[in-house]
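Here is the structure we will look at, set down as structure tokens.
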Amino acid sequence: SSSVILTQRSPLAGYCFMINVLGSIPKKVAVAVSGGSDSMAVLDFLSRSNRDLLVLHFNHGTPFSSKAEDFVRSYCENRDIRLEVGAISRERASDESKEEYWRNERYAFFSNFLDRKIITCHHLDDAVETWLFTSIHGNPMLIPYSRDNFIRPFLATRKLTLTGWCTRKEVSYLEDPSNTDVAYMRNLIRHKLMETVLTINPGIHKVVKKK
């Protein structure tokens, strides 16, 4: 693995932002970009290297999605970065949750670009939340570094680090209002459960990172 350390210090006391990269990122790569801080930080990070870079953006058909698509399109056009945009192609099945439906449609779109590795911008906080969710259901699982044609080089990097990258590098991003909706299980864990977990074990991120 390798790391990139920002030379500037964060305004957050004592926090040194460091992006940890797992494995080797190919020269020809696609990156899934939603327009949020995580993927925008990763896109900016990757665009600073000499890579054949393709951005994949998926429009989920929500009220926020058009704004996100316009934002990502504008960002890529202004920087001459190749972009491909996907959209919902079918009705939701009766046995699919909204989250499953969106995920299935998103990955169906991604499957059109198997000529290169595809980076999804999962980070360490995602890994912790996934491990907690699956543990509660009796089947503890970690987000794998690679699956099929997908790689996740930023699984050892905290979300705070990625947001800090955007701040220090002046990278614009959007905040999806649905990210605070605790009707979605991921948000319930993030906004309700994590505070209690960190009280019980403040080192939970280190625990999951070592697994």
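The values are calculated or read from the model by the stated rules, or taken from the named source; none is laboratory data. All figures in this text were calculated on a predicted structure; none of them were measured in a lab. Positions of Cβ are generated from backbone atoms using ideal geometry, with glycine treated the same way; all protein chains shown enter the neighbour counts. When the accessible area is computed, the model is the full protein with side chains, heavy atoms only, and any ligands, DNA or RNA have been set aside. Shrake-Rupley method; radii C 1.70, N 1.55, O 1.52, S 1.80 Å.
Remarks
- Among the residues of the range 21-42, those that are over 17 Å from ASP176 (Cβ atoms), in a loop (DSSP other than H, G, I, E, B) and of a type outside the set (Lys, Arg) comprise LEU22, GLY23, SER24, ILE25, PRO26.
- Of the strands (runs of 3 or more DSSP E) lying entirely inside the range 43-162, those containing at least 2 residues that are hydrophobic (A, V, I, L, M, F, W, C) and crowded, with 17+ Cβ neighbours inside 10 Å span 52-59, 117-119.
- For the range 181-211, the candidate set comprises residues that are open to solvent by 100 Å² or more (accessible area, probe 1.4 Å) and not basic (Lys, Arg); within that set, the residue that is farthest from SER37 (Cα to Cα) is ILE200.
- Hey, PRO153 modelled with pLDDT of 90 or more and more than 22 Å from CYS76 (Cα to Cα) or not: no
- Test: residue in the range 125-139 that is under 27 Å from SER74 (Cβ atoms), aliphatic (A, V, I, L, M) and either at pLDDT below 95 or within 15 Å of the chain's Cα centre (by Cα) (or both): no
- The range 163-210, residues that are of a type in the set (A, V, I, L, M), over 28 Å from SER74 (Cα atoms) and not in a helix (DSSP H, G or I): VAL182, ALA183
- Taken as a whole, the range 167-179 holds no residue that is among the polar types (S, T, N, Q) and open to solvent by less than 30 Å² (accessible area, probe 1.4 Å).
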